Amino acid sequence: MQPARSIDAESLAAFYSRVRNYTEQLCEPLEIEDYVPQPVVDVSPPKWNIAHTTWFFEEMILKQFVPGYKVFDPDFSYLFNSYYNTVGKRTARDHRGSLSRPTVKRVFEYRKYVDEQMLAILSSGSSGSPPYQGGVAESRGGSLDDGGSTSDVVVYAANYSEPPRQQKALTPLLGKEGSKINDLIILGLNHEQQHQELFLTDLKYTFGLNPTFPVYREGYFPELTAESGTRTFIEIKGGDYEIGHAGDGFCFDNELSRHTVRLDDFQIASKLVTNLDFLKFVNDGGYRDHRLWHSEGWDWVNQHGIDAPLHWHRLHESENVSIAERTQGTAANDPDALWYQFTLGGLQKLKLDAPVCHVSYYEAAAFAEWKGMRLPTEFEWEAASSKFDRGLRWEWTNSAYLPYPGFKKPDGAVGEYNGKFMINQMVLRGASVATPQGHSRPTYRNFFHPHLRWQFTGIRLAR
Ligand SMILES: [Fe+2]
């Protein structure tokens, strides 16, 4: 991975178009039937994801700030609301896959309509839209090109600069509310980027349940990207560390406020746990040893028959493995069978040097226990984050998802964005190969319930 570098400033209108276009680029390999299924409640269908991100702009910006705005379809406020009680009632989360109507065609028309309205706002200033600047960069391999100009995919942290007062952007149409609207547009674009990652992980989950193991994109295996070099442990000195987002760039509300955390000396791994590392845990009976597991984790393993990471399959080496073998696991106990992993590019032999993927917090913690180590806290992770490469996996931490001291929910519907989820979830740090370019940063706090593993999650050890 490459050292940090800055990128040229990008106008907000260009940022808007880049993000919105990338969503449609993600849709390109889909067949019409792929847009609708929702096999479990956590997974949303592609059609819902691409409509809901559009809903955000219509509901939070166009309906609120554009006088006389005519909604595209009054039913969509209900259909594509995710969890905003401030906005109103909505489709039950587990019924998103029941919506065969509106059609995919109509949802793309919705996107086009909202884009035209949004771009009209963004181009309403005579001096153009305000600058959206890239900041610190980090690179990672194995991602789709989402509009970057280099072959090496670059992740850069957003650093939005508010326009100078004399700039006319937004003011002709939106008056004094311009700054607020700018912030909401940037939030809406970061929201869409979160759903771009969900688009891939949700689709992979749905495809992964299909015994034909469909290929999302031929030759696209971001999960197989490996880190180079050998793993060492990095020494971090104890002391006071400033944790949380600093500066004027964009961050989510849950990254605030910056505060001091006292840490003891610790060591953190320079590389992620690999598939080979995790396979040794499997072969050593890690899933059958209750001493390694939290009580909840042990119940989860037993109730669901968990014996490997999600998307791992034990199959006979053959070009024509039968559907019966795929669906019934008949090779599971055959020593001649091989481990495979399902990827966005289809079924592949388990790549031993790639970081393990699709593990729950329970599995991450049990693996660390087996190694006689532990997971880092989110504070340790952030304090050490400049010392290692990141971006291949969302890394489970040993920290519960709680508000920082000084955390405040923003006013209005977006106050529901993060704060109400700060209960019973664990923090993940970093970014994954499915995270869009420029979306994450070292202070970024992702969070999931401890049993979930359909995201591109992995493990970094500490001691
Ligand atoms: Fe959302």
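A few comments on the model shown:
- Taken over the C-alpha atoms, the chain has Rg and Dmax values of 22.5, 72 angstrom.
- Point-to-point label distance, PHE233-ASN302, nm (Cα→Cβ direction, 7 Å offset): 3.2 nm
- Highest-first packing order for the peptide set 422-434, 292-304, 82-94 is 422-434, 292-304, 82-94, based on the mean count of other beta carbon atoms within 10 Å.
- Calculated FRET efficiency, SER295 to VAL71, Cβ-Cβ distance, R0 = 56 Å: about 0.70 to the nearest 0.05.
- Shape class of region 1-102 from the Cα gyration tensor (axes a ≥ b ≥ c, square roots of the eigenvalues): oblate, since a/c reaches 1.5 or more and a/b does not exceed b/c.
- Rounded tilt (10° steps) of 104-122 against the dominant C-alpha axis of the chain: 50 degrees
- Fraction of beta bridges assigned by DSSP in the chain that are antiparallel (%, nearest 5): 95 percent
- Subtracting the Cα-Cα distance of SER257 and LYS112 from 0.36 nm times their residue separation leaves 48.5 nm of extension gain.
- Among 271-277, 413-419, the order from most to least packed when residues are scored by Cβ within 10 Å on average: 271-277, 413-419
Taken together, the values in this text are just the output of simple stated rules run on the coordinates, not laboratory data. On a predicted model such as this, the values are computed, not experimentally measured, just so you know. Neighbour counts are summed over all protein chains in view; Cβ atoms, including those assigned to glycine, are modelled from backbone coordinates with ideal geometry.
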